[in-house]
Structure formats: C-alpha cells, structure tokens
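Structure, as structure tokens:
Read the figures in this text as sums done on the coordinates, not as results from a lab. Only a predicted model underlies this, so the values are computations on that prediction, with no experimental measurement involved. Cβ placement follows ideal geometry from the backbone for every residue including glycine, while neighbour counts extend to all protein chains displayed.
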Amino acid sequence: MIRVLVVDDSRVMRQIVVRTLRQAGYDWEVREAGNGVEAMAAIQEDEPDVVLSDWNMPEMSGMDLLKTMRANGFETPFGFVTSEGSPRMREQAEAAGALFLIAKPFTPEAFREVIEPVLA
Amino acid sequence: MTTATVDFASVFEIAQVVFAAMVDGDEGLLVPRDDGDDSDDDGAGAGIADPVMSWVEVHGPYSGRTAVITGAETAHALVRALLGDGDAPVTDADLVDAFGEIANVVGGNVKALLPGQGTLGLPKVATSLPPTADPLVLTLRLAWRGEPLDIAVWLTQEEEGGNR
C-alpha cells in the first residue's frame, strides 16, 4: 500500500485532501503534518512513498520543505496542493523538483490527472 | 490597467468554483444578492449583522487583501458544510481554520489573476478588519444559501515605472 504524507497547516484542508484521495480511488495509508518542520521530522522518522504539501505554511513553507528534503538526500516524490496555481508558481515548483502542482479548489479528477502518470 | 483583470465576473467565477468544490458539491448555491440596495458606497460587509471576516493579504507588485464577510451564524453553517459535520457545534478553532481556508483559496486564486511575482499571507479571521491604506476596488454582494455574504478586494499596484 502506498504511504502518503499530507502536509497542510489547515486541519480541514488536510481532511479534504484525504477525502479527495479516497474519492479519486487511492486507498492509501495516510499520515499528516501541520507544517514543513513537522513534515521533515516525520520524513526522517519514516520516509513515505509520496508527499502532498501545501505551499504557504507557518514555521516552514512547502517550498522550503522540498528544498530541505532534497538537501538531506530524500528524493521522495513530491507534489504541491496549494491555493496559488499560477504559471509562475508551477514553474517554481517544477524547478525545485516537484512532480506536480494541484491548485485548490480541486476535484478527484484533478488528483487522478497528476497522480496516474506518477504511478505509471 | 492590469487591475481590470480583477473584476466582478472573474472573482465571482472563482468564488463559485471554490464554494462548489469545497463547500456545497454543486454550483448555484452562491448567487449575486439582490436586496434592493445597489449602492457602491456602502463598503464591504455593510448591512451584514454580527459579521465575521476572513482574509488573506498579498504583497509584491500588488499589495492588498481579499476578504470574505458574512454573519456569524452563516459562517458557522459554512464551516459545518465544509467539515461535513451536520449539526455539530463549531469551535473557535474550527471557525478560524475552515472559514480562513475559504478566504485563503479565494485569495490565492485572485492573486493568480495579478501579473508579477508576489507573496500571499496566511489567512486570518476576526470580527473586524484591520485598517488598510489599499483602496477597496471590488465588493461582491452575494448570498450563500440565501444568507448575505460579501467578497471584497483591496488592491494597490506598487509604483514601478510610473505605471499605477
């Protein structure tokens, strides 16, 4: 079973992401973190198969989390789930090594569109 | 003028998509409000009793904020709909989290309409808005499930090359 770490400072948004994963057909094992610092600790303790992270968070942003992961040798597949889905943000995400960016609000179809190619 | 991209149609479309995807599951429950008052001078949230506001600020080539304003009871109903918790009581933490996230997603999408790089602040929730030097450029007077709900945008394009 694929193990995902969902990172967002909003509990309700983590809940919505997990619900949408299920609706998209991904019955994954889920762990949650409330910011980049918590996420990095969770990754160091037990590396997940994929990280889905908000961008804009207190303590440590999603972008800083991705950079910290890569600097520490974690090449875990990483995707942003963020309210800012402009072309500039997508370029920044890709340049930093993110596999995809899902813009909020999202649908189960939006999840499948970006996750299926990764699973393939 | 680039702020023309932030108009009623574009922000209303964002709001409808956000509410349909996150809150209601269907479009059509967030509609323009017709309460007989079409004055542009009343300001954001005017006439909404016991108001609660959630907002995010943007900084960069543009500074400003996007706010969602509605009555406290309606805000609680919104949070319950978002959480899918039926009639469960809404805690202050739930209100700050869920109502703030609505402003965050609406504001993030409004920011995406603006040219140039910029940063989005973290969402805040309160019963009044702090003062701002940025002008109010847009107020959407809407109704969600029949209850008044305003979405307002304040924006200043920072001076650059004299193009304001």
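Only lysines eight or more places from residue B:124 in sequence, or on another chain, were considered; those with a Cα closer than 17 Å are B:111. Within 10 Å of the Cβ of each residue in B:96-109, the mean number of Cβ atoms contributed by other protein chains is 5.
Between residue A:29 and residue B:50, the simple label model (points 7 Å from Cα in the Cβ direction) yields a spacing of 4.6 nm. Projection of the Cα convex hull of region A:5-45, averaged over all directions and equal to a quarter of that hull's surface, yields 2.7 nm². Taken over the protein assembly as shown, the percentage of Cα pairs per 5 Å bin, counting from 0 up to the bin with the maximum distance, is 1, 6, 12, 17, 18, 16, 13, 9, 5, 2, 1, 0, 0.
Across chain B, C-alpha contacts under 8 Å between residues 6 or more apart give a mean separation that, scaled by the residue count, equals a relative contact order of 33 percent.
Each listed q (0.10, 0.14, 0.18 Å⁻¹) maps to a log10 I(q)/I(0) for chain A, found by the Debye formula over equal Cα scatterers with no solvent: -0.25, -0.50, -0.87. Once the chain from residue A:37 to residue A:119 is taken as fully extended at 0.36 nm per residue, the excess over their C-alpha distance is 26.8 nm. Each distinct pair of alpha carbons in region B:94-164 adds a 1/r term; the inverse of their mean, the Kirkwood radius, is 14.2 Å. GNM remark for chain A: springs join alpha carbons under 10 Å apart, and the peak mean-square fluctuation among A:108, A:48, A:87 falls on A:87.
For region B:81-125, state the semi-axes of the equivalent ellipsoid (square roots of 5 times the eigenvalues of the alpha-carbon gyration tensor), sorted largest first and rounded to whole angstrom.
The equivalent ellipsoid of region B:81-125 has semi-axes of 28, 11, 5 Å.
For chain B, the percent of C-alpha pairs falling in each 5 Å distance bin, counted from 0 to the bin holding the largest distance, reads 2, 9, 19, 23, 21, 14, 8, 3, 1, 0, 0. Across region A:66-120, Cα-Cα pairs more than 13 Å apart make up 61 percent of the total.
At 222 nm, what helix-only mean residue ellipticity would the protein assembly as shown give, in deg cm²/dmol to the nearest 500, using -39500 (n - 2.57) for each DSSP H run of four or more?
Details: 8 runs with 92 residues, N = 284.
Estimated from H runs of four or more residues: -10000 deg cm²/dmol.
The calculated FRET efficiency for residue B:31 paired with residue B:128, based on their beta-carbon distance and R0 = 35 Å, is about 0.85. For region B:50-68 and region A:49-83, write down the distance between their C-alpha centroids in whole Å. Taking the Cα centre of each part, region B:50-68 and region A:49-83 sit 25 Å apart.
Near residue A:7, once Lys and Arg are set to +1 and Asp and Glu to -1 for all other residues with Cβ below 9 Å from its Cβ, the sum equals -4.
Rounded, prolate or oblate for region A:1-70? Axes are the square roots of the Cα gyration tensor eigenvalues, ordered a ≥ b ≥ c, and the cut-off for rounded is a/c under 1.5. Oblate is the answer for region A:1-70, as a/c is 1.5 or above yet b/c matches or exceeds a/b.
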